[in-house]
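Data block below; observations after.
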Amino acid sequence: MEKTLQKILVIEDEKNINMTLKMMLTKAGYEVFLATDGLEGLNLAMETAPDLILLDLILPKMNGYLVCEAIREKWDKKEMPILIMSAKTQKEDIDKAYQAGANTYITKPFSKDDILEQIKEYIPKEA
Amino acid sequence: MGIKLSRQKCIDMTNLLKGGGLMRKSIYSQIMILFSVILIIFLLTASWSAVNLSGIQDSIGDIMSDNYDSVVATQHMIVAIERQDSAVLSYLFTEDSGPLESFNQQEVEFMRWFSAAESNITEPEEPEMLEEIETRYLQFLSSKQNLIRIQETQGQEAANDYYFEEVFPSFEQAKDATRNLQILNQERMISLKETAQRRAQNTIVLTIVVAAMTVMIGGALAYRFIRKTIEPIELLTDKVKAIADGDYDQKIQVEGTREINLLSHEFNAMTKKLKIYNEMNVLRLMEEKKKAEAIVDSIHDAIIVTDADHKILLVNKEGERIFQIRENKVLENHFLEAIKEEALFEKIKSVIREKNKAGEEHTLTLKRNEKSYTYRVQITPIYRKNSSFIGIITLLQDITKLKEIDQMKSDFISTVSHEFRTPLTSMGMSTGLLLDEVPGELTKDQRELIEAIDEDQNRLKDLVSDLLDLSRIESGKIELSIKEQRLEKIIEGALKAFHKQIEDQKADVAVNLEEKLPKVRADYNKISWVLINLIGNALRYIPQNGEGKIIIDGKQVGPMVWISVEDNGVGIPREYREKIFEKFAQVKHEDDETAGGTGLGLAICKEIIKAHGGRIWVESKVGEGSKFTFTLSKEEN
């Protein structure tokens with residue numbers, strides 16, 4: 001039963017967001033992995049092969065764009081959707097993220113419902 | 001002052017001319033004197049000529065009367081004596097008494113003419129000659145008597161001899177004597193004629209000489225007079241001309257008639273006054289000019305004034321500084337020659353071409369010392385009262401600092417709101433989790449407190465997102481993707497967002513679009529945003545008891561489509577109608593605190609509509625409602 005849970009990897013250096021996301025997503029019935037820098041996130045993605053990744057752009061060690069590109073080397077958009085969550089709202093940043101292989105782009109601040117809706121869109125709950 | 005001065009000048013001139021009346025009179029009398037003198041000279045010449053001519057006539061008369069009488073007398077005497085001689089001869093040959101009678105008649109004739117000659121002695125030799133004639137004639141008479149006697153006594157032969165020996169010679173002698181007298185008188189006549197001719201010639205020469213002298217003297221007098229009269233007038237003319245040219249140091253020193261002296265005296269007095277006036281005016285003008293120049297120079301904005309041909313008329317200190325030119329070196333030069341800023345020149349030209357462009361503001365970036373400066377450019381054409389075009393004032397205001405501050409402000413807002421975003425995300429999710437009681441059940445008080453936090457963090461979230469939108473729009477980073485859109489579609493989409501709220505408030509929302517309303521040129525998302533804002537505002541202010549009414553209206557006005565959102569809300573007091581489009585402006589109602597919102601919505605609406613090339617405004621009546629209208633360009637046909 002536990003094994004059937006969908007895996008979501010959160011790569012985010014802001015510990016408050018990490019904490020709340022983990023609580024929220026766990027409550028929503030996902031298995032959550034947390035990484036606080038880009039490199040750790042990439043390693044964790046390789047290790048765990050999550051169903052979906054929530055990725056911040058500004059990260060220590062390795063930025064979000066690079067992480068995204070690196071993951072796209074192995075998995076395509078369908079195999080592993082990547083949702084960017086960023087405070088950056090400039091069009092060029094958004095374009096760059098899509099070029100790096102992001103599925104969608106959510107600007108901070110977002111609400112609990114915003115993020116859950118988006119996740120559901122990419123990985124519908126198995127019946 | 002200049003006009004006043006010239007009027008003063010005019011008055012002085014008329015006074016001068018009035019004084020000239022006196023002068024004219026004097027000149028008139030001078031002319032009269034001059035002509036009288038010339039007339040007298042002519043009269044003298046004429047009478048002198050007349051005297052001369054009458055002298056000639058007298059001489060001719062003398063010749064006619066005296067000498068001529070003598071000549072006539074002698075001729076008659078000669079005829080008479082010749083006839084007597086013939087009578088003697090015919091007596092000698094015919095021995096008739098007839099010829100002797102004729103002889104006696106001729107004797108009478110001779111004596112008559114002899115006495116006539118005797119009574120007309122003109123020459124000193126004449127008496128002697130007359131005596132000679134008398135003697136010879138008497139001899140002739142006595143010889144004739146002798147002849148008659150001889151013929152009677154001694155016969156024809158002796159008479160013939162006697163005639164040739166005595167009578168004929170005596171006749172010849174008497175005749176010669178008479179002829180001598182005739183010759184004397186004839187010669188005298190010739191000499192008198194010559195004298196008369198000489199006199200006549202002399203008279204002609206003298207008349208010519210006198211006439212020439214008269215002409216010369218008259219001419220000289222006239223010339224002297226004219227010079228004397230005209231010289232001061234010419235001098236005066238020169239001086240007046242010099243004064244007209246602005247040289248007030250004119251003084252006349254004329255030695256002339258009393259009137260001219262008076263005139264020059266008045267003239268000098270006038271110039272003195274004029275000079276004082278002028279100096280006063282010049283000083284005042286200089287002062288005014290200096291003042292004006294000081295003002296223009298002290299203005300911190302660059303000012304360039306050009307005429308209709310783009311020639312430079314003025315550059316102030318700041319203008320000299322920013323274009324690195326000197327006013328005195330570029331005056332009268334063409335704008336582009338002095339200031340090599342084609343973009344600026346094009347703007348100036350466009351203002352001249354299209355009057356309505358005047359007053360439009362432009363920005364211009366100039367590079368100086370490897371640094372960029374931004375200027376707000378204001379181009380104002382100058383027209384005369386009769387609307388003829390004189391030139392252009394170009395004003396450049398350095399807004400580099402302002403721009404920098406503006407940029408700093410935008411950067412600050414952007415940074416701050418950015419830094420807010422991440423914490424707001426976790427806050428929002430945290431309150432959401434707490435309210436969903438994920439960590440555990442909440443007491444009523446706990447829930448209330450968390451709800452308060454949640455509400456405020458939502459407000460902060462809106463503010464941050466509006467601030468970011470606005471700073472992005474203001475910094476010109478707004479990117480519009482303008483397409484032709486159906487207005488009803490945008491309105492529909494916007495209303496969808498309020499579906500639940502409208503239902504809750506039981507508000508009456510009507511959409512009235514004109515039939516065949518053209519499509520509008522708009523960025524769908526941005527105009528949706530504007531409509532959402534306007535509808536949201538309306539919903540916020542209308543009565544919440546089910547009597548609230550909102551009318552969304554669309555109509556074509558010329559090349560634009562007007563879209564309005566009208567409500568029956570509380571209305572906006574007059575003093576706020578402009579202000580509400582400014583940042584953080586909110587209407588404070590007496591009974592109500594602000595109805596929420598960030599105070600940025602309308603400012604953003606305005607920026608968005610402006611970026612579309614439209615306008616937005618509000619009409620309102622307090623207590624009755626407000627009507628917000630904005631315009632968009634219609635589709636191109």
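Farthest toward the positive end of the dipole of segment A:1-99, out of A:Ile17, A:Gln6, A:Ile58, is the Cα of A:Gln6, where the dipole comes from beta carbon charges about the Cα centre. For the residues of B:437-450, the average number of beta carbons from a partner chain within 10 Å of their own beta carbon is 1.
Ordering B:Pro127, A:Met46, B:His76 by Cα displacement along the dipole of the protein assembly as shown toward the positive end leaves A:Met46 in first place; charges were set at the Cβ atoms of Lys, Arg (+1) and Asp, Glu (-1). Average accessible surface for segment B:421-474: 52 Å² per residue, computed with a 1.4 Å probe over protein heavy atoms with every protein chain in place.
Counting only Cα atoms, segment B:46-165 measures 76, 25, 19 Å along its principal axes, largest extent leading. Approximating the spin labels as points 7 Å out from Cα along Cα→Cβ, the B:Ser350-to-B:His418 distance works out to 3.4 nm. Helix B:68-94 and the long axis of chain B differ in direction by around 30°, with both axes built from C-alpha atoms.
With the charge dipole of the protein assembly as shown set up from +1 on Lys and Arg Cβ and -1 on Asp and Glu Cβ about the Cα centre, the Cα lying farthest toward the positive end among the listed residues B:Trp113, A:Pro124, B:Leu513 is that of A:Pro124.
For segment A:49-127, which trypsin sites (Lys or Arg not before Pro) are both in a DSSP coil and crowded by at most 14 other Cβ atoms within 10 Å?
A:Lys61, A:Lys74, A:Lys77, A:Lys78, A:Lys125
Of the GluC sites (Glu not before Pro) found in segment B:429-487, those in coil by DSSP whose Cβ has at most 16 other Cβ atoms within 10 Å are B:Glu437, B:Glu441, B:Glu479. Charge dipole (Cα centre; +1 on Lys/Arg Cβ, -1 on Asp/Glu Cβ; no other charges) of segment B:421-474 amounts to roughly 220 debye. Taking both sides together, the accessible area buried where A meets B is about 1700 Å² for a 1.4 Å probe. Residue by residue along A:105-116, Cβ atoms of other protein chains within 10 Å of the local Cβ number 6 on average.
The angle separating the long axis of helix A:112-122 from the principal Cα axis of greatest extent in chain A is about 90 degrees.
Normalised by the number of residues in segment A:2-121, the average gap of Cα pairs under 8 Å and 6 or more apart makes the relative contact order 22 percent.
Across segment A:60-74, coupling constants 3J(HN,Hα) worked out from phi with the 6.51/-1.76/1.60 Karplus curve, θ = phi - 60°, read x, 6, 8, 7, x, 4, 5, 4, 4, 4, 4, 5, 5, 4, 9 Hz, and Gly and Pro carry x. Each peptide among B:81-87, B:151-157 gets the average number of other Cβ atoms lying within 10 Å of its residues, and from highest to lowest they stand as B:81-87, B:151-157.
Per residue of B:416-428, other chain Cβ atoms within 10 Å of the residue Cβ number 6 on average. Taking the Cα centre of segment B:483-633 as reference, the dipole from Cβ charges on Lys and Arg (+1) and Asp and Glu (-1) amounts to some 700 debye. If the Kirkwood radius is taken over C-alpha pairs of the protein assembly as shown, then at 20 °C and 1.002 mPa s the Stokes-Einstein diffusion coefficient equals 51 µm²/s. Hey, which lysines would be in cross-link range of B:Lys549, C-alpha to C-alpha under 18 Å, not counting anything within fewer than 8 residues on its own chain? Excluding near neighbours in sequence, the set is B:Lys496, B:Lys500, B:Lys506, B:Lys621, B:Lys627.
Ignoring lysines fewer than eight residues from B:Lys273 along the same chain, the ones with Cα atoms less than 30 angstrom from its Cα are B:Lys4, B:Lys9, B:Lys18, B:Lys25, B:Lys228, B:Lys239, B:Lys241, B:Lys251, B:Lys289, B:Lys290, B:Lys291. Expressed as a whole percent, the accessible surface of segment B:439-586 that belongs to carbon and sulfur atoms is 47, based on a 1.4 Å probe. Which of the three applies to segment B:467-544, rounded, prolate or oblate, going by the alpha-carbon gyration tensor with a ≥ b ≥ c and a/c under 1.5 meaning rounded? It comes out oblate by the Cα gyration axes. By the rule of a C-alpha distance below 19 Å, with chain neighbours fewer than 8 residues away ignored, the lysines paired with A:Lys77 are A:Lys7, A:Lys96, A:Lys120, A:Lys125.
Provide the FRET efficiency to the nearest 0.05 for the B:Ile393-B:Glu279 pair, computing r from the beta carbons and using R0 = 45 Å. Before the final figure, lay out each step's value.
On the way: r = 32 Å, r/R0 = 0.72.
Result of the calculation: an efficiency of 0.90.
Amide H contacts of B:Arg615: B:Thr631, each under 5 Å away and 5 or more positions distant or on a separate chain (H built 1.01 Å from N in the peptide plane; Pro and chain starts excluded). Taking amide H as placed 1.01 Å from N in the peptide plane, B:Gly548 has its amide H under 5 Å from the amide H of B:Asp508, each at least 5 places away in sequence or on another chain. The calculated 222 nm mean residue ellipticity attributable to helices in chain B amounts to -22500 deg cm²/dmol, summing -39500 (n - 2.57) over DSSP H runs of n ≥ 4 and dividing by all residues. The alpha carbons of chain B stretch over 230, 59, 50 Å along the principal axes, in descending order.
Once the Kirkwood radius over Cα pairs is known for segment A:30-127, the Stokes-Einstein relation at 4 °C and 1.567 mPa s delivers a diffusion coefficient of 96 µm²/s. Against chain B, whose longest principal axis is taken from its Cα atoms, helix B:342-353 shows a tilt of about 70°. Shown here for segment A:41-127: GluC sites (Glu not before Pro) in loop regions (DSSP other than H, G, I, E, B) with at most 14 other Cβ atoms within 10 Å, namely A:Glu73, A:Glu79, A:Glu126. Computed with a 1.4 Å probe on the full set of protein chains, the accessible area for B:Met129 sits at about 40 Å². Spatial offset of segment B:400-476 relative to segment A:84-127 amounts to 18 Å, using the alpha carbon center of each.
The values are calculated or read from the model by the stated rules, or taken from the named source; none is laboratory data. Because the structure is predicted, anything quoted here is derived from the model rather than measured. Cβ coordinates were reconstructed from backbone atoms using ideal geometry, including for glycine residues, and neighbour counts include every protein chain displayed. Just so you know, the surface numbers come from the protein's heavy atoms only, side chains and all, with ligands and any DNA or RNA stripped out. Shrake-Rupley method; radii C 1.70, N 1.55, O 1.52, S 1.80 Å.
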